[in-house]
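Since every read-out is calculated from the coordinates, none of them should be taken as a lab result. Note that the structure is predicted; figures quoted are calculated from it, not measured. FYI the Cβ positions are ideal-geometry reconstructions off the backbone, even for glycines, and counts take in every protein chain you see.
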Amino acid sequence: MNQADLARRAVVPRHIIGDFENNGSVTPSARLEGHSDPVYALCQLPDGRLASGSYDKMIRLWDVAAGAETARLDLDAPASVIAAPRPNLIVAGDSIGRIHWLEIAD
């Protein structure tokens, strides 16, 4: 996925991943169900999976093509930012200022 494609991606209510259309609507391309509260952080891993952080104090990994959760991690506070600086590593910040380094095992 190139930068233009990433810029058009959106997360809309009920955790639906979609593409913005020219008329401002969103065409859903995947439905990811699992978080019980709003998602505040989302990033794409180099292998195409997504990592999401939510106010429900969970980080979840998703196989978007299958629409399935592949892993989850419980936190002590809501995740507010997530990044994947290299393959198999997620760095997440929570709402009380902690940083979590999460290595993903294959």
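What the table shows:
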quantity: Inter-probe distance in nm under a simple model that places probes 7 Å from Cα toward Cβ, at Ala66 and Ile96; calculated: 3.4 nm
quantity: Inter-site label distance for Asn88 and Asp47 at 7 Å from Cα along Cβ, in nm; calculated: 0.9 nm
quantity: Extension gain, Asp56 back to Asp37 (0.36 nm per residue minus Cα-Cα distance, nm); calculated: 6.3 nm
